[in-house]
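Visitor: Next up is a structure, given as structure tokens.
The values are calculated or read from the model by the stated rules, or taken from the named source; none is laboratory data. The model shown is predicted, which means the values in this text are computed figures rather than measured ones. Cβ coordinates were reconstructed from backbone atoms using ideal geometry, including for glycine residues, and neighbour counts include every protein chain displayed. The accessibility values were calculated without ligands, DNA or RNA, using every heavy atom of the protein model including side chains. Shrake-Rupley method; radii C 1.70, N 1.55, O 1.52, S 1.80 Å.
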Amino acid sequence: MKTTNNVQKAITKSLAVIISLVLISITVNAQDFWRTVLENNSFSQIAMAMTDNTEASSASADASSKTDMSAYAKYAAVEAEEALDVENWMLAENNFFTTVTVATAAESSLELESWMTDESYFNGMASYFNVETEAALEVEDWMQDTDYFGVQSVDVEEETEAALEVEAWMTDAKIWKM
């Protein structure tokens with residue numbers, strides 16, 4: 001049992017190391033990182049590769065941008081094209097649809113037929129068209145009884161406020177810095 005636990009721990013640790021190496025290889029910005037690791041196994045070179053070396057990256061970025069510009073310069077150059085010639089088939093009307101006739105369709109006018117006004121055809125739906133009338137509602141005594149609903153009388157007192165007055169400080173330009 002102890003052996004299987006030790007083996008499982010060893011496998012787990014080795015998987016953790018492998019995963020961390022894969023993650024480092026993905027996230028490291030230096031392109032020559034693995035070449036330096038495989039060629040020289042010293043920890044100082046690994047530490048140097050993992051540190052930020054902005055001078056080398058900016059120099060390589062400048063060089064790559066110059067080469068990119070020169071590579072794209074040929075696309076911006078204006079090229080002279082040959083003159084196009086008009087050929088016979090381009091002028092033949094048989095090759096193109098130049099005349100199209102559009103016929104407008106005319107519908108006959110609608111006519112009112114006798115079955116359309118015969119109510120015997122529509123008896124099945126006649127019950128849906130009847131309007132029901134309801135009796136008017138009446139106010140009963142219990143509806144107005146406050147004791148029935150448990151309502152207590154509430155005295156409403158109306159408050160009055162004094163009118164607002166304009167004081168001198170409200171219009172002083174020194175206070176409002178106008």
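Visitor: For residues that are surrounded by 10 or more Cβ atoms within 10 Å (Cβ to Cβ) and at pLDDT below 65, tally how many sit in segment 1-30.
Guide: Residues that pass the stated criteria total 2.
Visitor: Would it be correct to say that Ala136 is closer than 30 Å to Thr27 by Cβ and at pLDDT 70 or above?
Guide: No: the conditions fail for Ala136.
Visitor: Look at segment 75-86 and say how many of its residues are open to solvent by 100 Å² or more (accessible area, probe 1.4 Å) and under 39 Å from the mean Cα position of the chain (by Cα).
Guide: Summing the residues that are open to solvent by 100 Å² or more (accessible area, probe 1.4 Å) and under 39 Å from the mean Cα position of the chain (by Cα) in segment 75-86 gives 1.
Visitor: Now for a separate question. Is it fair to say Thr54 is β-branched (Val, Ile, Thr), open to solvent by 70 Å² or more (accessible area, probe 1.4 Å) and modelled with pLDDT of 60 or more?
Guide: no
Visitor: Next up: Taking segment 86-123 on its own, how many of its residues are hydrophobic (A, V, I, L, M, F, W, C) and part of a loop (DSSP other than H, G, I, E, B)?
Guide: Matching residues across segment 86-123 total 11.
Visitor: Of the residues in segment 137-152, how many are open to solvent by 100 Å² or more (accessible area, probe 1.4 Å) and not in a loop (DSSP other than H, G, I, E, B)?
Guide: Qualifying residue count, segment 137-152: 6.
Visitor: Checking the condition more than 56 Å from the chain's Cα centre (by Cα) and open to solvent by less than 100 Å² (accessible area, probe 1.4 Å), which residue from Asp172, Asp118, Asp155 passes?
Guide: Asp118
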